[in-house]
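K.L.:
There's a structure below that I have some questions on.
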Amino acid sequence: MVTTKNETAQASAATENPLESNGLYPNPEELFVKDEIHWDTLKNLVGQSILSVNQFDKKLVLEVCKLAALLEATNIAECHPLDGKIVITAFFEASTRTRLSFESAVLRLDGKIISIPEGRVTGVAKGESLADIGEMFNAYGDLVVMRHTETDAVKEIRRNLRLPLINAGNGSGEHPTQALADWFAILKWKPRLKEEVVVPRHQIHLGILGTPGSMRAVNSFLRMSLLFKNGIRKISIISEMADPLGPELQEMLANSNVEYYLTNDIEEVVADLDVVYMNSIAFLGDSYRAMDSRFRLDAKSDLKKDAVVLHPLARLDELDPTLDGTHHNLYFTQAHGAVFIRQALMICVLNRFERLPKEKMPHSN
Ligand code: CP
């Protein structure tokens, strides 16, 4: 069941929207009430670093989303699941959502935070290497969440880091926890997409605006989307670039057998899309480049009646605020749900399953 703010009062099965934000608020219970959580699958994440979507199969994504849905629907803060754990959030590149949602996730579960909001406040300003910073982190905390301008930063810090590392965006590489937040929103919106068999009339046409080859959030989203290929009728990639994929993603798409289409004209496909994934900002190592202003959506765009729009944000002109108050807006749910996805991941990586309240765990095994 999906509602907008105005529809919430009328729809009895709808989730209450505690944030009173605009847009759709699908009920998270749809994901876990009828479908037991497989704790053994989640336990595979204990002590692991989360660096790339390539580490995930569909089953693991589903279990993380189910646990996130449970956390969203259940107040477990009183059980202090991260009590005694220190998470280091090390952000060497600007962030609104990722750093603060990780920190909110930790604090709401009674863990503690040490935060680097920008690289200049570390020894980097004096020429210190990331490898040396990694060695220091070993003594300071239990888990590191890092964003960096350089794609190679993950490899560099792991030369000496022995704590689990969560990649919160590395240059033009990947943003795996964003992809989990993206699919968490999609699966809450349309839970049947998790099934192994999705009949053609329920399969979605997925439109991706951006260049997966150089935009990390789009890259990770496309990789994760291919895990759900049984629910996808077609993928259209709308980009100003002649080769928006690059060789690796091109090969993955070709091997997936999902029909795909490349275009530079959003008008050509917009009226057939069920999900529109937008992004506009490519990180180029030392600067940002915004996508061409032709690739815009607003409330007057020719969207299907039930189409939803996702955007990892930050947005520029491509996503007009006139869409915020419409039922196409799944991007606020996407952003807000990221807190629960990140809580779920940290509970798994830090092996805090025993702290979850048994009486609130459906189908515990
Ligand atoms: N989605 C995302 O990565 O946003 P921030 O850059 O604000 O963290």
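The values are calculated or read from the model by the stated rules, or taken from the named source; none is laboratory data. In this text the structure is predicted, and so the values were computed from the model without any measurement. So basically every Cβ, Gly included, is an ideal-geometry build from the backbone, and we count neighbours across all protein chains shown.
K.L.:
Any idea which of V197, V218, V154 is more than 16 Å from the ligand (Cβ to nearest atom) and of a type in the set (A, V, I, L, M)?
P.N.:
V197
K.L.:
Name the residue, out of V270, V258, V218, that is buried (at least 18 other Cβ atoms within 10 Å of the Cβ), in a loop (DSSP other than H, G, I, E, B) and either in contact with a helix residue (DSSP H, G or I) (Cβ under 6 Å, 6 or more places away or on another chain) or touching a residue at least 24 places away in the same chain (Cβ under 8 Å) (or both).
P.N.:
Checking each option against the conditions leaves just V258.
K.L.:
If you don't mind, there's one more thing I want to ask. Please determine, by comparing only the residues of segment 300-318 that are under 18 Å from G337 (Cβ atoms) and within 16 Å of the ligand (Cβ to nearest atom), which one is surrounded by the fewest Cβ atoms within 10 Å (Cβ to Cβ).
P.N.:
A314
K.L.:
Report the residue count in segment 69-93 for those that are closer than 26 Å to R147 by Cβ, part of a loop (DSSP other than H, G, I, E, B) and more than 13 Å from the ligand (Cβ to nearest atom).
P.N.:
Adding up the residues that qualify gives 5.
K.L.:
Taking the residues in segment 94-110 that are near the ligand (Cβ under 8 Å from one of its atoms) and outside any helix (DSSP H, G or I) as candidates, determine which candidate is surrounded by the fewest Cβ atoms within 10 Å (Cβ to Cβ).
P.N.:
Step by step, filter segment 94-110, then rank; the result is T96.
K.L.:
Return a yes/no flag: does segment 275-296 have any residue that is assigned to a loop (DSSP other than H, G, I, E, B), at pLDDT below 95, aliphatic (A, V, I, L, M) and within 16 Å of the ligand (Cβ to nearest atom).
P.N.:
Yes, the conditions are met somewhere in segment 275-296.
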